[in-house]
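Asker: First the structure, then my questions, so here it is.
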Amino acid sequence: MKQTSPDSIFFESLYQIDYDLFLQLKTKGCPLCHAPLDTANYNRKPRGLDEKHPLRLSLCCRREGCRKRLLPASLRFFGQKVYSLWVLVLAIDFPEQLGLSKEILRQTLTRWRFFWQERLAETSPFMKWARSFLPPGYCVTKTPKNIARVFQFPARDSLIPMLKFFTQRL
Ligand SMILES: [Zn+2]
């Protein structure tokens, strides 16, 4: 029954996009020594993520003495954070949509609020880049809510384009 639910389709799409991002990076080879990159995935389950795909797709340079590790961009994981990007985007403004309000500690939300205040500041590198993609007269706020509206969230098909947008430069 889970296999055909809208949620599992959503998570499956996130995984497919992550896999494409992984392959794009892999074909480029090592940025330091140009040697081929090997797969170096590891298990990590961000909170708020479907159980089926806990793998963090990751790469490692094949050349002994270099072994540079690379983390491809991801719609499911967000850097080293325990929570996935989509949770981070939505939790501040839309905790009820995630059903996470009881689990998320006050401390975590405070930290995320701080994170967004920095990223969404008028002078931040992210907002300088984002300006050209946002409608004229877009009002900068301290939370992702207004950006989510640009993507017509909470329409179901708004989530993936919105995450792709954030994944690019955040
Ligand atoms: Zn290398």
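Asker: For segment 15-36, does any single residue satisfy the condition of being at pLDDT 85 or above, touching a strand residue (DSSP E or B) at 6+ places or on another chain (Cβ under 7 Å) and part of a strand (DSSP E or B)?
Answerer: No, segment 15-36 has no match at all.
Yes/no per residue for (1) in a helix (DSSP H, G or I); (2) β-branched (V, I, T); (3) farther than 22 Å from D18 by Cβ:
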site: T123; (1), (2), (3): no, yes, yes
site: R131; (1), (2), (3): yes, no, yes
site: R149; (1), (2), (3): yes, no, yes
site: K164; (1), (2), (3): yes, no, no
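Asker: Within segment 60-68, can one find any residue that is outside any loop (DSSP other than H, G, I, E, B), closer than 30 Å to A35 by Cβ, of a type in the set (A, V, I, L, M, F, W, C) and touching a Lys or Arg at 6+ places or on another chain (Cβ under 6 Å)?
Answerer: Within segment 60-68, the subset outside any loop (DSSP other than H, G, I, E, B) is 60-61.
Now restrict to residues that are closer than 30 Å to A35 by Cβ: 60-61.
Okay, now just the ones that are also of a type in the set (A, V, I, L, M, F, W, C), so 60-61.
Pick out the ones that are also touching a Lys or Arg at 6+ places or on another chain (Cβ under 6 Å) and you get 60-61.
Taking every residue of segment 60-68 in turn, at least one turns out to be outside any loop (DSSP other than H, G, I, E, B), closer than 30 Å to A35 by Cβ, of a type in the set (A, V, I, L, M, F, W, C) and touching a Lys or Arg at 6+ places or on another chain (Cβ under 6 Å).
Asker: Here is a follow-up. Mind checking which residues of segment 122-161 are loosely packed, with under 13 Cβ neighbours inside 10 Å and hydrophobic (A, V, I, L, M, F, W, C)?
Answerer: Selection gives W129, F133, C139, A155.
The values are calculated or read from the model by the stated rules, or taken from the named source; none is laboratory data. Quick caveat, the model's predicted, so the values are computed rather than measured. Cβ: placed from backbone, ideal geometry, glycine included. Neighbour counts: every protein chain shown.
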